[in-house]
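First comes the structure, then the notes that go with it.
The values are calculated or read from the model by the stated rules, or taken from the named source; none is laboratory data. This one's a predicted model, so the numbers in the text were calculated from it and none came from an experiment. Cβ sites come from the backbone with ideal geometry, for glycine too, and all protein chains shown count toward neighbours.
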Amino acid sequence: MAIKTEPFVINIGPVHPSTHGVFRMRATLDGEVILDMEPVFGYLHRGIEKLAEGRTYTQNIPFTDRLDYLASMSNNLAYVMAVEKLAGISIPERAEYLRVIMAELQRIASHLIGVGAFLNDCGAFMTPFLYMFREREKILDLFEMVCGQRLTYNYMRIGGVSQDIPEEFLPALDKFVRQMPSFIDEYDQLLAENEILLARAKGVGILPKELAISISASGPVLRGSGVKWDIRKADPYSVYDRFQFDIPIGSTGDTYDRYWVRIQEMRQSVRIIKQAMEQLPPGEVLTEVPHSLHPPVGEVYGHIEAPRGELGFYLVSDNSIAPYRFHVRPPTLINLTALRDMMIGWKIADAVIIFGSIDICLAEVDR
Amino acid sequence: MTIFNPSFSSVNHYSATLPPDWPGGFWLHWGVFVVIIFAFVMAMVMGFIYLERRGIGRFQVRLGPNRVGPFGVLQPVADAIKVLIKEDIVPAKGDKWVYWLAPVVAFVPALMIFAVVPFQDGALLADLNIGILYVVAISSVSVVGIFMAGWGSNNKYSLIGAMRAVAQVVSYEIPLVLSIIGVVLLTGALSMNKIVEAQTIPFILLQPLGFLIYFLAACAEINRTPFDLLEAESEIVAGFHVEYSGMKFALFYLTEYAEALAISAIITTLFLSGWRGPILPPFLWFLIKVFAVFCLIFWVRSTIPRLRIDQVMAFAWKCLLPLALINLFITGIQVIVWPEALPWAVVFLNLAIMAVLVVLWSKFFRLGGGRVEV
């Protein structure tokens with residue numbers, strides 16, 4: 001005799017340890033299997049895009065810190081580059097190099113959290129997470145040295161960076177860059193040799209190449225599916241064309257590949273920082289920019305390869321001191337659109353790690 | 001040490017006579033041991049909580065609790081006071097009776113296991129001649145309490161956790177019992193004290209595979225990582241006890257550690273030759289071994305990620321069960337070939353067999369897959 005069963009609906013979030021913020025998934029379950037999933041977001045909406053229209057271009061920089069607070073430097077960079085493009089400002093070479101160093105450090109810091117949180121979702125009881133935090137702490141110390149802040153940096157300025165690096169920065173950075181690869185090796189070993197992790201992550205939550213392209217995914221999510229697309233190479237900005245680095249890509253597009261791509265990207269970031277340190281020229285770090293900036297009438301889209309994907313700022317100017325329109329292309333919001341397709345048919349435990357493997361930051365998704 | 005061994009001198013004398021010749025009379029013996037066991041369990045659980053939190057703190061490159069008392073040793077006491085004064089919340093639509101009873105049903109069996117654990121030669125509440133059978137029977141009652149908690153809370157998360165618990169415990173019971181039978185074959189007795197007396201060579205050496213299976217199955221039975229699916233924090237928040245607060249929650253917390261203590265004590269008794277050991281008094285040997293096993297348990301907890309439910313079940317049925325059967329078969333043959341006592345050569349033979357089998361299974365048995373077409 002078969003027992004009569006029926007699917008039931010469960011709310012995962014908005015208050016849940018593994019939603020990395022206030023994300024909510026309305027999941028229809030058949031026992032443990034996910035039959036359907038409906039993402040609900042907007043709990044952290046602060047209306048940053050509208051608020052930005054009432055502030056000057058310079059005043060908007062701190063807002064970008066609060067988009068993806070795990071990658072504030074990258075957000076700063078994307079925004080100031082868009083404004084510079086709009087106003088036609090060129091910046092000193094030293095500032096370009098400093099920006100690249102900061103952006104790559106930020107990429108490492110962000111991937112550390114991404115990987116650590118992913119392992120935490122796998123149920124590794126905080127240990128990998130705290131090891132990641134130990135390394136991230138060193139990067140935060142470096143950031144504190146250059147700008148006095150540890151989370152929301154507000155370091156980049158229109159026309160350069162707010163201040164030059166202190167003299168103790170480069171030795172500290174050198175030490176970090178020498179230590180980091182061995183730490184990544186240690187982690188890689190854990191990844192490659194942990195049977196349970198492989199069983200949990202391999203083949204789970206596959207995002208096919210075609211789907212990844214058609215939803216315009218970007219960042220490690222896209223590269224995990226095997227698409228060689230990185231804006232640092234595809235549309236080089238700043239001084240990225242002067243460095244040598246590889247774009248790691250995955251093969252199947254499962255959670256394991258996304259995880260692997262992040263680990264490899266950390267290695268490449270260390271490589272870039274090493275080259276940037278060697279090439280770092282002396283000189284000014286900030287050009288003269290009018291106190292009240294009136295960019296000419298027009299529109300501009302500036303994008304960079306942020307840790308989580310393509311971060312774009314679309315600005316429209318009407319020649320006033322504030323942007324007429326301020327639009328953000330948040331990478332994780334776009335990447336999240338594939339969530340349902342990846343999740344259906346898997347179990348609750350998989351849903352959590354699939355979600356974790358996208359590595360989202362809700363502040364950016366909801367804005 | 002005398003307090004644990006009131007007046008009787010010989011174990012044989014003690015257990016052979018029926019009705020038992022209770023030293024100091026039935027009620028005195030009973031009363032003394034109940035108090036001792038309760039105090040022992042509470043003190044050890046407090047110690048374990050402290051040890052685990054400090055230990056895991058070290059594993060996680062942080063300090064762990066160090067504010068209350070010297071080195072933070074009073075942290076469990078502070079926690080106990082905290083949970084006592086917390087508000088006790090009962091879900092409005094929960095099944096009140098079941099919800100109330102669940103923590104008790106879960107906690108009492110964990111305590112009852114200690115009735116047959118020998119702290120030193122003959123120092124145990126009741127030397128049942130079916131001791132190990134009693135342990136197996138009692139230890140699986142806890143899951144009823146867990147299921148009651150999951151059901152009575154009227155919460156979907158707790159129900160999922162409770163369902164997982166039942167599936168898991170029912171599956172792991174089988175390899176668990178089969179691995180114990182190996183020990184029983186070697187001893188020829190079910191009494192816990194006799195099992196310890198028979199261990200001139202610790203059974204972990206004669207039964208390495210049995211130890212491995214028992215350890216893994218026991219971890220699953222008491223729901224420790226990597227089998228802590230029923231309270232999987234990152235998936236179903238806190239699983240079966242998500243609705244519990246105050247002292248009821250504390251009872252579940254106590255259960256978790258009391259069960260870990262019980263499993264450590266049973267592993268010590270079955271495989272690590274219990275209270276036997278040179279120089280130090282037997283009771284201390286027992287304690288040292290219990291702590292060592294517990295350290296192993298929380299070492300695993302702080303390093304290994306969690307399995308998925310279908311993988312947990314596959315591991316029990318496709319990996320542990322065949323291995324346990326093979327182990328039983330090999331042990332049976334060895335007992336027939338060497339009817340008196342197993343020689344030292346068997347230690348190396350069994351270690352080699354274990355190594356070959358574990359490597360074979362890890363080569364051919366793969367966890368993974370798990371997608372369902374919907």
(request) Identify, by number, the condition in (1) without any contact (Cβ under 8 Å) to a residue 12 or more places away in the chain; (2) within 24 Å of A:Val33 (Cβ to Cβ) that A:Gly203 doesn't meet. (result) (1)
(message) Considering only segment B:334-342, I want to know if a residue exists there that is of a type in the set (A, V, I, L, M, F, W, C) and closer than 22 Å to B:Ile174 by Cβ.
(response) yes
(request) Identify all residues within segment A:236-255 that are more than 17 Å from A:Ser218 (Cα to Cα) and either in contact with a Pro (Cβ under 8 Å, 6 or more places away or on another chain) or in a helix (DSSP H, G or I) (or both); write none if there are none. (result) A:Tyr240, A:Asp241, A:Arg242
(request) Hey, can you tell me all the residues within segment B:146-194 that are surrounded by 24 or more Cβ atoms within 10 Å (Cβ to Cβ), under 16 Å from the mean Cα position of the chain (by Cα) and not aliphatic (A, V, I, L, M)? (result) B:Tyr172, B:Pro175, B:Ser179
(request) Go through A:Ile165, A:Ile139, A:Ile184, A:Ile101 for me and flag whichever is of a type outside the set (D, E, K, R), more than 30 Å from B:Ile236 (Cα to Cα), in a loop (DSSP other than H, G, I, E, B) and more than 14 Å from every other protein chain (Cβ to nearest Cβ). (result) A:Ile165
(request) For segment A:149-162, name all the residues that are aliphatic (A, V, I, L, M) and either assigned to a loop (DSSP other than H, G, I, E, B) or within 14 Å of chain B (Cβ to nearest Cβ) (or both). (result) A:Leu151, A:Ile158
(message) Residue under question is A:Gly123, and the condition is that it be part of a helix (DSSP H, G or I), within 14 Å of chain B (Cβ to nearest Cβ) and not polar (S, T, N, Q); does it hold?
(response) no
(request) Determine whether segment A:220-228 contains at least one residue that is out of contact with any helix residue (DSSP H, G or I) (no Cβ under 6 Å at 6 or more places or on another chain), surrounded by fewer than 19 Cβ atoms within 10 Å (Cβ to Cβ) and within 30 Å of A:Arg94 (Cα to Cα). (result) yes
(message) So in segment A:13-36, with the set limited to residues that are assigned to a strand (DSSP E or B) and not charged (D, E, K, R), which one is farthest from the other protein chains (Cβ to nearest Cβ)?
(response) A:Met25
(request) Could you pull out the residue among B:Val135, B:Val108, B:Val73, B:Val90 that is hydrophobic (A, V, I, L, M, F, W, C), more than 14 Å from chain A (Cβ to nearest Cβ) and crowded, with 20+ Cβ neighbours inside 10 Å? (result) B:Val135
(message) Of everything in segment B:54-70, what is within 14 Å of another protein chain (Cβ to nearest Cβ) and surrounded by 18 or more Cβ atoms within 10 Å (Cβ to Cβ)? Give them in sequence order.
(response) B:Gly55, B:Ile56, B:Phe59, B:Gln60, B:Gly64
(message) Could you tell me how many of the residues in segment A:109-133 are out of contact with any Phe, Trp or Tyr (no Cβ under 9 Å at 6 or more places or on another chain), closer than 30 Å to A:Ser162 by Cα and not aromatic (Phe, Trp, Tyr)?
(response) 2
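Okay, residues lined up against (1) within 26 Å of B:Val166 (Cα to Cα); (2) modelled with pLDDT of 85 or more; (3) touching a Lys or Arg at 6+ places or on another chain (Cβ under 8 Å):
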position: B:Val184; (1), (2), (3): no, yes, no
position: B:Ala189; (1), (2), (3): no, no, no
position: B:Val196; (1), (2), (3): no, no, yes
position: B:Phe203; (1), (2), (3): no, no, no
position: B:Ala220; (1), (2), (3): yes, yes, no
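For segment A:300-367, list the helices (runs of 4 or more DSSP H) that sit wholly inside it and hold at least 1 residues that are more than 14 Å from every other protein chain (Cβ to nearest Cβ) and not β-branched (Val, Ile, Thr); which are they?
Filter on segment A:300-367 gives A:331-336, A:339-343, A:362-366.
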(request) Identify the single condition in (1) in a loop (DSSP other than H, G, I, E, B); (2) crowded, with 16+ Cβ neighbours inside 10 Å that A:Val261 does not satisfy, given that it satisfies every other one. (result) (1)
(message) So, in segment A:50-69, how many residues would count as being buried (at least 17 other Cβ atoms within 10 Å of the Cβ) and either in a helix (DSSP H, G or I) or in contact with a Gly (Cβ under 8 Å, 6 or more places away or on another chain) (or both)?
(response) 5
(request) Consider A:Ile273 carefully, then state whether it is within 14 Å of another protein chain (Cβ to nearest Cβ), assigned to a helix (DSSP H, G or I) and either in contact with a strand residue (DSSP E or B) (Cβ under 6 Å, 6 or more places away or on another chain) or not basic (Lys, Arg) (or both). (result) no
(message) Would you confirm, using the coordinates I've provided, whether B:Leu51 is at pLDDT 85 or above, over 21 Å from the mean Cα position of the chain (by Cα), within 29 Å of A:Pro128 (Cα to Cα) and of a type in the set (A, V, I, L, M)?
(response) no
(message) Checking A:Val115 against (1) buried (at least 21 other Cβ atoms within 10 Å of the Cβ); (2) in contact with an Asp or Glu (Cβ under 7 Å, 6 or more places away or on another chain): exactly one of these is not met. Which one?
(response) (2)
(message) Name the residue that is nearest to the other protein chains (Cβ to nearest Cβ), counting only residues in segment B:289-345 that are basic (Lys, Arg) and touching a Pro at 6+ places or on another chain (Cβ under 9 Å).
(response) B:Arg306
(request) Report yes if some residue within segment A:45-52 is farther than 15 Å from A:Ala363 by Cα and within 12 Å of another protein chain (Cβ to nearest Cβ); otherwise report no. (result) no
(request) Might you check whether a residue that is on the phi > 0 side of the Ramachandran plot, outside any helix (DSSP H, G or I) and at pLDDT below 85 occurs anywhere in segment B:65-87? (result) yes
